[in-house]
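Visitor: So that we are looking at the same thing, I have put the structure below in structure tokens.
The values are calculated or read from the model by the stated rules, or taken from the named source; none is laboratory data. Quick caveat, the model's predicted, so the values are computed rather than measured. Cβ sites come from the backbone with ideal geometry, for glycine too, and all protein chains shown count toward neighbours. Note: areas computed on protein heavy atoms with side chains; ligands, DNA, RNA excluded. Shrake-Rupley method; radii C 1.70, N 1.55, O 1.52, S 1.80 Å.
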Number of protein chains: 2
Amino acid sequence: MKITPNPPELVLLKALWARGAMPVRSLHDICAPELNWSFSSTRKTIERMTDKGFVSVSTTSKPASVSARISKTTTLAHMAREFFGRVLEVDGPLPASAFTCSTLLSDEELDELEGLLGGLY
Amino acid sequence: MKITPNPPELVLLKALWARGAMPVRSLHDICAPELNWSFSSTRKTIERMTDKGFVSVSTTSKPASVSARISKTTTLAHMAREFFGRVLEVDGPLPASAFTCSTLLSDEELDELEGLLGGLY
DNA sequence: CACATTGTGTGACGGCTGTCACACGGAGTC
DNA sequence: GACTCCGTGTGACAGCCGTCACACAATGTG
């Protein structure tokens, strides 16, 4: 299972992680300024992310609602490990210090990440 | 100027950084086990890297020789900054500690990187 | 009900990437 | 000189990505 979202996908995922499931339109409104693209692009990207298993779309309610299917910490852990391994060729466990200055992570999430990073190699 | 080599390109660049300019065939022989692809692929990738300005090919000598045109430290600094900024949303200077466990970098290179990373935002 | 807005299905297209294959000319070998 | 191997120019093709547009159904509003 590949779990490395590309840049636009990561933007959408971050919004979902931060604010939970929401209708496609809302997600678009939140991310459009950053992505600077049209509603069609948001929809298509979500479609592709669905195929990859990154999100799921629930059509039970009126405007279909999107939710993340992969967790923030495991995704970031994968991406970090990929980057450090491939680019910097770090073999051992990653230094948690690399993440403490991230504005993305709460203390609990940092703890979780640390656990994931140690055991992932 | 974009300066973010994709994965196969980075493999070739690393070999060039480590061993200096060399004929295409030698570069292929060194990287093929890791890339697991054919000589044609190496050649085509080098061609594309030439277009991007990542390497240059000198045809003055008999078997044309490839050399890196972008430096290891600036390239890694760009990639690291891109990753930390986009994925982890780190705004300030990156912690040098993130690099000390890399098996790629000498002490002087670490110093250089640290300088680049501090002033790059 | 007629119209305007929103949601959804689907198709498209050019660029980059990964990955070759083919063909041809020069160089070394018998 | 004929054959073989290597270097080089070039073309190809499918898959993913960024980015829409079009068409139609559903829904709200006067």
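Visitor: Mind checking the angle between helix B:39-52 and chain B's longest principal axis? C-alpha axes, 0 to 90 degrees, to the nearest 10.
Guide: Approximately 50 degrees, to the nearest ten.
Visitor: Given A:56, B:65, A:38, which one lies farthest toward the positive end of the charge dipole of the protein assembly as shown, if we put +1 on the Cβ of every Lys and Arg and -1 on the Cβ of every Asp and Glu?
Guide: Farthest along the dipole direction, towards plus: A:38.
Visitor: Here is a follow-up. Note down the magnitude of the dipole of the protein assembly as shown about its Cα centre, charges +1 on Lys and Arg C-beta and -1 on Asp and Glu C-beta and zero elsewhere, to the nearest 20 debye. Working shown, then result.
Guide: Working: 26 positive and 28 negative charges, 287 e Å.
Taking the Cα centre of the protein assembly as shown as origin, the dipole is about 1380 debye.
Visitor: Treating only the Cβ atoms of Lys and Arg (+1) and Asp and Glu (-1) as charged, compute the dipole magnitude of chain A about its Cα centre; round to the nearest 20 debye. Don't jump to the answer; show the numbers that get you there.
Guide: Values: 13 positive and 14 negative charges, 156 e Å.
Dipole about the Cα centre, nearest 20: 740 debye.
Visitor: Another question, then. Going by amide H atoms built from the backbone, whose H comes under 5 Å of the H on residue B:55, apart from near neighbours?
Guide: HN-HN under 5 Å from residue B:55: B:50, B:69.
Visitor: I've got another one for you. Students often forget the sequence filter, so: which lysines lie under 29 Å Cα-Cα from residue A:44 once same-chain residues fewer than 8 apart are removed?
Guide: A:2, A:14, A:52, A:62, A:72, B:2
Visitor: Follow-up. Using only the Cα atoms of the range A:7-68, build the gyration tensor, take square roots of its eigenvalues as a ≥ b ≥ c, and label the shape rounded, prolate or oblate: rounded if a/c is under 1.5, else prolate if a/b is larger than b/c, else oblate. Mind dumping the intermediate values first?
Guide: On the way: a/c = 1.39, a/b = 1.28, b/c = 1.08.
Cα axes put the range A:7-68 in the rounded bin.
Visitor: Here is a further query. If we hang a label 7 Å off Cα along the beta carbon direction at residue B:97, how far is it from the matching labels on the other copies, in nm, shortest first?
Guide: 0.4
Visitor: Kindly identify chain A as rounded, prolate or oblate by the Cα gyration tensor criterion: order the square roots of the eigenvalues as a ≥ b ≥ c, call it rounded if a/c is under 1.5, otherwise compare a/b with b/c, prolate if a/b is larger, else oblate.
Guide: Values: a/c = 2.13, a/b = 2.01, b/c = 1.06.
The shape class here is prolate.
Visitor: Only sites in a loop by DSSP and with at most 13 other Cβ atoms within 10 Å count here; which GluC sites (Glu not before Pro) in the range B:56-121 make the cut?
Guide: On the way: sites: B:82, B:89, B:108, B:109, B:112, B:114; in loops: B:89.
Sites meeting the loop and neighbour criteria: B:89.
Visitor: Run lengths n ≥ 4 of DSSP H only: what is the helix-derived mean residue ellipticity at 222 nm for chain B, with -39500 (n - 2.57) per run over all residues, to the nearest 500?
Guide: Values: 6 runs with 67 residues, N = 121.
Theoretical 222 nm ellipticity from helices: -17000 deg cm²/dmol.
Visitor: Related question: Using a label point 7 angstrom from Cα along Cα-to-C-beta, what distances in nm, from shortest up, separate residue A:4 from the other copies?
Guide: Result for residue A:4, in nm, nearest copy first: 1.2.
Visitor: Between copies, how far apart are the residue A:60 label points? List them in nm, one decimal, shortest first, with each point 7 Å from Cα toward Cβ, please?
Guide: Distances to the matching label points in the other copies: 7.2 nm.
Visitor: Over chain B, what is the relative contact order in percent, taking alpha-carbon pairs closer than 8 angstrom and at least six residues apart?
Guide: It rounds to 23 percent for chain B.
Visitor: With springs connecting C-alpha atoms under 10 Å apart, model chain A as a Gaussian network and identify which of A:13, A:110, A:76 has the largest mean-square fluctuation.
Guide: Judging by the Gaussian network model, the answer is A:110.
Visitor: Also, quick follow-up: If you build a Gaussian network model of chain B, linking Cα atoms that sit under 10 Å apart, which residue out of B:40, B:71, B:61 swings the most?
Guide: It is B:61.
Visitor: Whole number in Å², please: accessible area per residue of the protein assembly as shown, 1.4 Å probe, ligands, DNA and RNA not counted.
Guide: Working: 12630 Å² over 242 residues.
Counting only protein heavy atoms, the per-residue value for the protein assembly as shown is 52 Å².
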